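S.K.: Can you keep this structure in mind? I'll have questions shortly.
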Amino acid sequence: MKNHNKNDDKEDFVPKNKVTEIPLDFKVVIGKVLSFLPIFILSIGFSMLIAWTVTRYSESRFSVSGSILLKEKARGSTAGLENFIEGMELLSVNRNIENEIAILRSKKMVLETIKKLDFGISVKQKGSILDQDLFRNTPFIIEIDSNHVQLMGTDIKCKFIDDKSVEVWVEEPGYPYIIKTGEYLNGEQILEKKVFDLDKGVFTENLGFKINVWNKTAIKPSTEFHIKFLNNEMQLGLFYGQYSVFPLNKQSSILSISMETPNPAKAQVFINELFDTYLETDLNEKSAVTKRTISFIDEQLSIVADTLGIVENELSNFRNLNKIVSIESKAGELVRVMVQLESDKVKLQLQNRYLDYLESYIKDSKPLDELVLPGVAGIEDNSIKNITDKMIELYVKKKTLDASYHPKNPIFIETNQALLGLTEAVLESIKGFRSSLKINNKFIDDQMLKINDQISLLPETEQKMIRMNRKFLLSDKLYTYLLEKRAEAGIAGAGVEPDSKVVEEAAIRDQTFPKPTNNYILAFSIGLVLPLIFILTFEFFNQDIKNHSHLQEFTRIPLVGTINHNDKNTALVIANHPKSQISESFRTLRSNIAYIGEKKGKRTIMVTSTISGEGKTFVSMNLASVLAIGGYKTILVGVDLRKPKIFQDFKLDNSFGLSNYLIGKASIEQIIQPTGLENLSVITAGPTPPNPSELIMSDSFYDAINNLKEKFDFVILDTPPIGLVADGLDIMKHVDVVLYVARQNVSKKTFFGMINEIYSNESNKNIGLVFNDVNFATVYGYGYGAYGYGYGYSSGYGSGYGYGYGYGYGYGYGYGYGYGESEDSAEKPLWKRILGF
C-alpha cells in the first residue's frame, strides 16, 4: 500500500535551519546538567575552598561606631551669657552641621585626641599567617627613655631567650628620633640580632628602652613579638581620614562616627576619646569667651574705680569745709537729670571705645575667635552684631580647613573670599555706627548745656557742690553697672556647658570582613554560575548534535535506530557482548529496517555519513552481525576504498578484496571471506587503488552488487562519507535502504543540508537515520536499558524491544527498555547506575 503520509512529508520538506518548534524538555535540561555534573562539583568545590581560605586567613575587620548630639547653637556660643546678660548675645546663630563634621574630621582634632592616648607603642605577636595586635593585652610593659634616640616606624623584633634575656633585631630601616625634643636624627637604622639583659634594658645607638615582663606564662621562647614606636605624626596617619562622620538623617543633628578596622578595641578607645576632645574643645572656647568678657569689663572697672575714688574724696572734703549736708530739691533734680545725661554719654563713649578696639583688632588680623563681641559694650546695632557673628563663624571654619585642605582648594578659597567680604562689611558698619554715635552725643551735649545754664543761676557754692555730686553719682552709677555686668558674666561662665553631648559611646558593632556566611553563599553562587555561563556559551557556539531534539529540529528523515555509547574495548559488540545494551539497540535497528520502504525480503543496505568519524563502519559491522545472528545470510562489503577499516576488526586479510575484483584481478568468489560468525561473510576493500571513484562508478561494481543480492539475504555496504566524496551519491541509486549515521557530539547541525535535499528530491529512496554513540545520561539524565525509537509503516505496534505506536500509515515511534538487567548495568558501579552514566 502506498504511504501517502511519507510522500507528502517529502514533498513538503524544504531544508532550513529550524524545521519544527521543539517544546522545552525538562528531561533534556536535567540530563544536560547531569552531563556537566563533574564540572559543577569541581567549580563549587574550588569556590568553597577559596571562600574557606579567605575566611580562615584574611585579616578580620570590624565596624566600630558611636554618635554625638549637636544642640542647635553655634560653636563658641554661651547660652548662660545670653540668659543672664541682656544685650550680650554671643553668636546665637544655628550650628552649621557641615562645619562640625569638618571639625570632627580635622587633623587638629585627631592630633589633640592622639596626644591623650597611649598609642605610641604598638606590640604584635607574630603568627603563622597573621600577626595579632596585643593592644592593652601585652605580657610585658615597655619603658621608653624619652631622652634617648629611638627608631620610629619600624618593627623592632624580639624573642625571649629565658627569664633574664631577650634577643632583639631590626630588619627594616626606621627613623632615628628623640621623643622629648621631637627631633629626627641621622644614624644606623637597622640592628643585627643581639641578646640583651632584661635588667639592663635594650640600649644601642638608636634604641633605648626596658622590657618589664609581668606575665611570664604568656611568653614562650618560640614566640616572636614585634614592637613599633610611633610618634604623633605617624599615629596621625593611622587615624586621619580613616573614619567617617555623617548625620543619621537629613533632619537630625545627631552625628555618627564609624570606623572599619582590624583592631576594634583601639578604634573604640580612639572614637570615645575623640568625643571627649571635641566636647572639651567646645567647652574651652566658651570659657575663653567668658574670660575675655570679664577681662574687658575689669579694664573698664579699673578706670572707673580710680575716678570714683578721687571724686568721692573731693566731695567729702568739700562738704566738711563748707558744712553742706545736702542739696536743695531743685538743685537735686537738676543733678539727677545731669547725671543721667552724663551716664548716657559715658555709654556712648564706651561704645565708641569698643569700635576703636574692634577696628584695630580686625585691621591687625588678630584671631577672630578671641574677639570680644559687641554685646559686651552694649552695642545693639544688628548690622555689626550679625556680620561679626558670621565673620567669627567663617573664621572658625577657616581654621578647620587650614588643617585639612590645601590653600588652593576651591572651598578654602571661597571661605577666604567670604571672610574678606565680611571684614570689609564690618568696617563699613563701624563707620556708619560712629556717625550715629556723634549725633546722639551732640544731642546729649545740647541737653547738658541747657541744664548747665540753669545750674549757673544758683549760688556759687551750690554750683560747686552740684558739679562734684553729679561727678560722684555718675562714677558710682557706671561702676555699679560694670559690677553688675561682671557678676552676670561670671555667673554665666560658671554655668557653661558644651553644646553637644554623647548619645552613644563607641562600641564594636559587627564584623565587616570576612563574613563567612556571605562568603560561602557567594562562593556557592559563583561556583554554580560559572559552569552555567560556560555551558550556555559552549552551547551557543557549539554546532554538535546533542540529542534527539536536535535531530528533529534539523531533519525530517525518520529515525530508525539509536545506538548506545560503546564503552567496550571492541568494535564488534554483537559478537563479543550479545547481552549488552548496545547490542539491544542494534536488534532494535534490525527490526526497524524491515519497515523502511515497500520492498520486503532480500535487501541491499547502504551505510554512510557526512564525514569520517561518525561511526558508519561501526554501524555497518554490527548491523551485519546482528542480521547474521538473526538467521539472515549476510555479507558486509567495504566500499570505502580510500580508508579501509573492516578487515582490522574482523582480523581478515586486506591484500585482496573489492578493488581486486573491480580491476579484473579476482572473481567475486575469491574476494568473499568468512568470519567467525555464522551467516556472515565479508568483502574487504582491498588495496587502495589510484582511481577509487571511477572503479565504484564502473559496471563491474554494480554487477558485483547484483551478484551478491542473489547469494545473500542482506548486502551491507560500508560506503565513503557523502560529504567528502561523490561515491556514495552514485551508490544510492542501486540500493534498497540508505542508513545515514549521525553521531552524538560529533555530527554538526550543518551536516544535514545535503542529506535533507537528497531525502526531499529522491522520492524513490528509502532513507533512515541512525543516531550513533548516544550517552543517554547526557540526553535525558538516566539510562535504564536500551532506549530507542522504532519506525515503520504500521497501523499497530512498532517493532523492536519496546512499545511502539504509529499514526495510521505514517511513521510510528516508540520508547522501550531492554530485557531486564543488561550486561552493561551489571558491570557498572552503583553510583553510575544511579546517575545514569
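The values are calculated or read from the model by the stated rules, or taken from the named source; none is laboratory data. Nothing here was measured: the structure is a model prediction, and the numbers come from that model. Neighbour counts run over all protein chains shown; Cβ positions are idealised from the backbone, glycine included. Protein only, heavy atoms only, side chains kept; ligands, DNA and RNA dropped before computing areas. Shrake-Rupley method; radii C 1.70, N 1.55, O 1.52, S 1.80 Å.
S.K.: Answer yes if at least one residue in the stretch 694-704 is surrounded by 18 or more Cβ atoms within 10 Å (Cβ to Cβ) and β-branched (V, I, T), and no otherwise.
M.R.: There is at least one residue in the stretch 694-704 that is surrounded by 18 or more Cβ atoms within 10 Å (Cβ to Cβ) and β-branched (V, I, T).
S.K.: Restricting attention to the stretch 451-507, and to residues there that are at pLDDT 70 or above and of a type in the set (K, R), which single residue is most open to solvent (accessible area, probe 1.4 Å)?
M.R.: Taking the candidates together, the pick is K501.
S.K.: Restricting to the stretch 716-754, and then to whatever is among the hydroxyl-bearing types (S, T, Y) and crowded, with 16+ Cβ neighbours inside 10 Å, can you tell me which residue is farthest from S681 (Cα to Cα)?
M.R.: By that ranking, first place goes to S747.
S.K.: State all residues of the stretch 573-620 that are on the phi > 0 side of the Ramachandran plot and within 60 Å of the chain's Cα centre (by Cα); if no residue qualifies, say none.
M.R.: Selection gives G613, G615.
S.K.: Quick check: is even one residue across the stretch 86-100 open to solvent by 70 Å² or more (accessible area, probe 1.4 Å), among the polar types (S, T, N, Q) and either modelled with pLDDT under 90 or under 30 Å from Q150 (Cβ atoms) (or both)?
M.R.: Checked against the condition, which is being open to solvent by 70 Å² or more (accessible area, probe 1.4 Å), among the polar types (S, T, N, Q) and either modelled with pLDDT under 90 or under 30 Å from Q150 (Cβ atoms) (or both), the stretch 86-100 yields at least one hit.
S.K.: Shifting gears a bit: Would the stretch 276-293 turn up any residue that is touching a helix residue (DSSP H, G or I) at 6+ places or on another chain (Cβ under 6 Å) and more than 28 Å from L373 (Cα to Cα)?
M.R.: no
S.K.: Output the residues belonging to the stretch 726-746 that are among the hydrophobic types (A, V, I, L, M, F, W, C) and not in a strand (DSSP E or B).
M.R.: Answer for the stretch 726-746, where residues must be among the hydrophobic types (A, V, I, L, M, F, W, C) and not in a strand (DSSP E or B): A726, L729, I731, M732, V735, V746.
S.K.: Then there is this: Scan the stretch 369-382 residue by residue and report those that are under 14 Å from L427 (Cα atoms) and modelled with pLDDT of 75 or more.
M.R.: If the condition is that a residue be under 14 Å from L427 (Cα atoms) and modelled with pLDDT of 75 or more, then P374 is the only one that fits.
S.K.: Can you pull out the residues in the stretch 558-593 that are β-branched (V, I, T), open to solvent by 10 Å² or more (accessible area, probe 1.4 Å) and closer than 29 Å to E757 by Cβ?
M.R.: Of all residues in the stretch 558-593, those β-branched (V, I, T) come to 560, 562-563, 570, 573-574, 582, 588, 593.
Okay, now just the ones that are also open to solvent by 10 Å² or more (accessible area, probe 1.4 Å), so 570, 588.
T588, the sole residue that qualifies.
To keep it simple, each residue is scored yes or no on (1) open to solvent by less than 30 Å² (accessible area, probe 1.4 Å); (2) modelled with pLDDT under 90.
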site: I646; (1), (2): yes, yes
site: G657; (1), (2): yes, no
site: I671; (1), (2): yes, no
site: P674; (1), (2): no, no
site: E678; (1), (2): no, no
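S.K.: Of the conditions (1) of a type outside the set (V, I, T); (2) in contact with a Phe, Trp or Tyr (Cβ under 9 Å, 6 or more places away or on another chain); (3) open to solvent by 10 Å² or more (accessible area, probe 1.4 Å); (4) touching a residue at least 12 places away in the same chain (Cβ under 8 Å), S667 fails just one. Which one is it?
M.R.: (4)
S.K.: Look through V64, V54 and report the one residue that is under 32 Å from the mean Cα position of the chain (by Cα), at pLDDT 55 or above and closer than 30 Å to Q251 by Cα. Talk me through it step by step, then tell me what you get.
M.R.: Working: V54 fails: closer than 30 Å to Q251 by Cα.
Going through V64, V54 in turn, just one is under 32 Å from the mean Cα position of the chain (by Cα), at pLDDT 55 or above and closer than 30 Å to Q251 by Cα: V64.
S.K.: In the stretch 508-557, what residues are open to solvent by less than 70 Å² (accessible area, probe 1.4 Å), touching a residue at least 24 places away in the same chain (Cβ under 8 Å) and outside any helix (DSSP H, G or I)?
M.R.: Q511, T512, P514, D544, I545, K546, N547, T555, I557
S.K.: Still on this structure, I have one more. What are the residues in the stretch 101-121 that are among the small types (G, A, S) and closer than 22 Å to K71 by Cβ, if any?
M.R.: Within the stretch 101-121, A102, S106 qualify.
S.K.: Next question. So which residues in the stretch 594-634 are open to solvent by less than 10 Å² (accessible area, probe 1.4 Å), among the polar types (S, T, N, Q) and in contact (Cβ under 8 Å) with a residue 60 or more places away in the chain, if there are any at all?
M.R.: The answer is T604, T608, S609, S620, T634.
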